[in-house]
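Notes to accompany the following structure.
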Amino acid sequence: MILRKIIIDFVCLFIVSMAVLMFYLFGKPYKRGFFCNDESLYHPFHASTVTSAMLYVVGLFLPICTMIAGEYLHAKYYKSDSSKILFGYDIPPWMWSAYEKIGVFGFGAATTVLITDIAKYTIGRLRPHFMTLCVPNINCSLIENQHRYIENYSCTEKISSKFLKEIRLSFPSGHSSFSAYTMIYLALYLQLRMTWKGSKLLKHFSQLLCLLMAWFTALSRVSDYKHHWSDVLAGSTLGTIVALVMANYVGDLFKKRSHCSMEEKHRAVDYETGGGTQNECTSLRTGMISYNGLQRNG
């Protein structure tokens, strides 16, 4: 049963990842025209402040390491479910929980990239440095070309086929969507697992750092002339929506906490009527209070 679940999970992730790879290797963006008097396309070409390597290493490595540490510490101090058995070996509860959290996170990351690529290749919006890199064979100084939408053109500047494709992939911003997804998902995970009561603001400060990293990445795409502001807005919105959907409806990060809150409300009513009981949520709550050093167990 567990093996079947793992295989299906990996197959789903593999399919989405292969679709992303096919776009990268064989995708051809829509060839959109331009207006000679469109000043938004005449910006200079700058290197990326946040490179793709930095984006994917930090965006994947930081949340995954945080989830592994978070699930291990949670299982160490709080009551956990029984271990799983795979090929005759016991899988510790924290490891299985980390697998589920990381699996949902990885699937969401691949989904974010896929949705972004579908939009990029379908729309084919030109980047702000298009005229600088392409230098189309159109004399834009002529009056008749000033307000004419030009579709038949070719680039005169000798640039690689990779750059020729990249200059048509402005909308939406892939850096913005990926950074927004990974950092907002991480912030939501911290809301779930960071329950230490030693500081009121430490958790929220950590969440703020996550949001600032996504915010800085998005702003750098505009200042580096890699994207128009609307590309960044659309990318950040897309990443945020996917993160919220994955956390609340796919990963169910807050399902158990909501269930416990409802149980506590019902238990409070039971105690008022003299019928108090203790269940899993009660023991979990008691363990949390004891661990945080706020009260002694009764």
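The values are calculated or read from the model by the stated rules, or taken from the named source; none is laboratory data. These numbers were taken from a predicted model, which means no experiment stands behind them. Every residue, glycine among them, receives a Cβ derived from its backbone with ideal geometry; neighbour counts consider all protein chains shown. Calculation scope for accessible area: heavy atoms of the full protein, side chains included, ligands and nucleic acids excluded. Shrake-Rupley method; radii C 1.70, N 1.55, O 1.52, S 1.80 Å.
What the table below lists for this structure:
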{"item": "Residues of the range 166-202 that turn out to be more than 19 Å from the chain's Cα centre (by Cα) and either open to solvent by 50 Å² or more (accessible area, probe 1.4 Å) or at pLDDT below 95 (or both), as a count", "result": "10"}
{"item": "Failed item in (1) modelled with pLDDT under 95; (2) part of a helix (DSSP H, G or I), with Asn37 passing the rest", "result": "(2)"}
{"item": "Pairs, first within 13 Å of Tyr30 (Cβ to Cβ) in the range 160-171, second of a type in the set (Val, Ile, Thr), C-beta under 8 Å, six or more apart", "result": "Phe171/Ile123"}
{"item": "Test for Cys155: is it touching a strand residue (DSSP E or B) at 6+ places or on another chain (Cβ under 8 Å) and buried (at least 18 other Cβ atoms within 10 Å of the Cβ)", "result": "no"}
{"item": "Single condition Asn139 does not satisfy, out of (1) at pLDDT below 95; (2) closer than 30 Å to Tyr225 by Cα; (3) touching a Phe, Trp or Tyr at 6+ places or on another chain (Cβ under 9 Å)", "result": "(3)"}
{"item": "Selection from the range 99-139 of residues that are open to solvent by less than 30 Å² (accessible area, probe 1.4 Å) and in a loop (DSSP other than H, G, I, E, B)", "result": "Gly124, Leu126, Arg127, Pro128, His129"}
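Condition check ((1) more than 20 Å from Pro93 (Cβ to Cβ); (2) modelled with pLDDT under 95; (3) of a type in the set (Asp, Glu)) across all residues:
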{"residue": "Met1", "(1), (2), (3)": "no, yes, no"}
{"residue": "Ile15", "(1), (2), (3)": "yes, no, no"}
{"residue": "Ser48", "(1), (2), (3)": "yes, no, no"}
{"residue": "Gly59", "(1), (2), (3)": "yes, no, no"}
{"residue": "Thr66", "(1), (2), (3)": "no, no, no"}
